[in-house]
Amino acid sequence: MTSLDATFAALADPTRRAILARLAAGETSVMELAKPFAMSLPAVSKHLKVLERAGLIARSREAQWRPCRIEPRALKEVDDWLEHYRRFYDASFDRLDEYLKKLQAKSSPELKEKQPKVRSAKHGRKK
């Protein structure tokens, strides 16, 4: 399984996403992470192992304290993968915008009169 596959598999579970959301605020102990969940500590620990294997978190041990922290590198890989699709959709929306502008420019005066006046979000003026 590639690291991206492991990341998406780990993110597929809502409990693991909730754990990541809590860790985004900073390093936290396993006990603190387990508090809001209606499950046993071993069950939370299994979720943490999945996140750790996917490279999304790191766990350490400092005496009795077992802190967990988020590892942004794996999320960066997801963001890099999504960037291709972001560019695709941005380009698609830009082409659609240009097409709509051409249609509006070609529309007959009667249609232009029937179209509602739209306020420009940029200037608050009617177009």
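Points worth noting:
- Whole-number D in µm² s⁻¹ for the range 3-71, Kirkwood Cα-pair radius fed into Stokes-Einstein, 37 °C, 0.692 mPa s: 276 µm²/s
- Label-to-label distance, A25 versus Q104, with points set 7 angstrom from Cα along the beta-carbon direction: 4.4 nm.
- Label positions at A91 and A9, each projected 7 Å from the Cα along the C-beta direction, are separated by 3.2 nm.
All of the numbers you see were taken from the coordinates with simple rules; none came from a lab. Just so it is clear, the model here is predicted, and its values are computed rather than measured. So basically every Cβ, Gly included, is an ideal-geometry build from the backbone, and we count neighbours across all protein chains shown.
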